[in-house]
Amino acid sequence: MIALALACLAPAVPAHAAQTVNLILNWTPAADHSPFYYARAQGWYEQAGIDLAIEVGKGSGVSSLKVGSGGAPFGIADLATMLVARGKGADTVALMSIYANTGQTFYWLKSSGINGPKDFAGRKIGNPPGDASRVMWPAFARAAGVAPEAVTFVNVGPTAKTAALKSHAVDIVSDFYNSHDVKLKEFGSDLGSLNWKDIGLNAYGNALIVNGAFLEKNQKLAGDFVNITQKAYAACVADFEPCLKALLDQVTGLDRQEQEQQWGRIKYLMADEFTTTKALGWIDAGRMQQDYELVQSYLGMEKPFAVESAFSTRLLDPSIRMDASKVPAPQH
């Protein structure tokens, strides 16, 4: 009886140790990644047998290739950039959209004489080599009526873009719309900007992607990962404070106010007619076809493929939807 009583008091031991699962981000951690840190802090991944390891990224091009080669099972990448990588043979599948609207934005100083894309010719654009906007630059250039070869790209790290613009080391930088407030604070009325959506290029932005072979072998784990991630994003939309705390507790060097401002704009990027009615993270087949055609038309597809093979919505939980009442109107 004593032995039985002691056995009952002993802590439960999981039948199987949690499986270490790597997620490579598109860039350095920020507000848009906070749901992953929040869910990890809450133990949600661990409860599903997932020991989540988060790796800092170096651009969507890099994360797409690493996931596509099997170097990491999951990643965050700009969807158009992922399509480019898949056209080169990367084994990648998108499981959930994070940015239903493109976050791609160019920034410049009006005092430099730039008023829009027509003034980009002969200028220097600062961004990292793996930046999605550099990969997709030919599409933007042709849509804006600029010769693709008319600009010079300068390697600038993701955290050095504002400083590079301020010092005039470059004339233009690319960045996500969610960092808009940081630049407004720095440059005020001298700031010029253009979101790619404003010239008709509204390709899907960041998405959760998975290695195709890993997905085939780990259906349940992938399903759990997607549903937990949906749940986390929904929780952060409902109340960002706990998510912000989790992010700041696990990532150093971030400014609280900047991350709060970013999240307000991220909620706008997350919402469209599908994420608010079908499921948070929904990827629409029609829009994916348009994105594929965009990549094919402007960049060419080295190895053409059926676009439906590049994404799946079957793991999404339709009961988890983007709360439209929490979406702020875009501000400039």
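From the set of residues in segment 298-325 that are touching a helix residue (DSSP H, G or I) at 6+ places or on another chain (Cβ under 8 Å) and in a helix (DSSP H, G or I), which is surrounded by the fewest Cβ atoms within 10 Å (Cβ to Cβ)?
Among them, the one singled out is E308.
Return the only residue of H168, H180 being under 26 Å from K124 (Cβ atoms), surrounded by fewer than 18 Cβ atoms within 10 Å (Cβ to Cβ) and not aromatic (F, W, Y).
Checking each option against the conditions leaves just H168.
If a residue has to be free of Cβ contacts under 8 Å to residues at least 12 places away in the same chain and of a type in the set (D, E, K, R) to count, how many in segment 144-184 make the cut?
Total meeting the criteria: 1.
Could you look through segment 93-109, keep only residues that are outside any loop (DSSP other than H, G, I, E, B), more than 15 Å from G192 (Cβ to Cβ) and polar (S, T, N, Q), and pick out the one that is modelled with the lowest pLDDT?
Q104
When segment 122-169 is examined, which residues are found to be assigned to a loop (DSSP other than H, G, I, E, B) and closer than 17 Å to I199 by Cα?
Going through segment 122-169, the residues assigned to a loop (DSSP other than H, G, I, E, B) turn out to be 122-123, 128-131, 136, 145-147, 151, 156-160, 167-169.
The answer is M136, G145, V146, A147.
Among the residues of segment 58-73, count how many are touching a Lys or Arg at 6+ places or on another chain (Cβ under 9 Å) and modelled with pLDDT under 95.
2
Can you tell me how many residues within segment 170-184 are over 28 Å from I54 (Cβ atoms) and part of a strand (DSSP E or B)?
Matching residues across segment 170-184 total 1.
Only residues that are within 18 Å of the chain's Cα centre (by Cα) and under 22 Å from A213 (Cβ atoms): list them for segment 293-332, please.
Result: A310, F311, S312, T313, L316.
Is it the case, given these coordinates, that A53 is out of contact with any His (no Cβ under 6 Å at 6 or more places or on another chain), closer than 27 Å to V295 by Cβ and part of a strand (DSSP E or B)?
Considered against the rule, which asks whether it is out of contact with any His (no Cβ under 6 Å at 6 or more places or on another chain), closer than 27 Å to V295 by Cβ and part of a strand (DSSP E or B), A53 comes out as no.
Can you find, within segment 270-297, the residue that is nearest to V84 (Cα to Cα) among those that are of a type in the set (A, V, I, L, M, F, W, C) and assigned to a helix (DSSP H, G or I)?
For segment 270-297, the residue satisfying everything is V295.
The values are calculated or read from the model by the stated rules, or taken from the named source; none is laboratory data. Quantities reported herein were computed from a predicted structural model and do not represent experimental measurements. Here the Cβ is made from the backbone with ideal geometry for all residues, glycine too, and neighbour counts use every protein chain on show.
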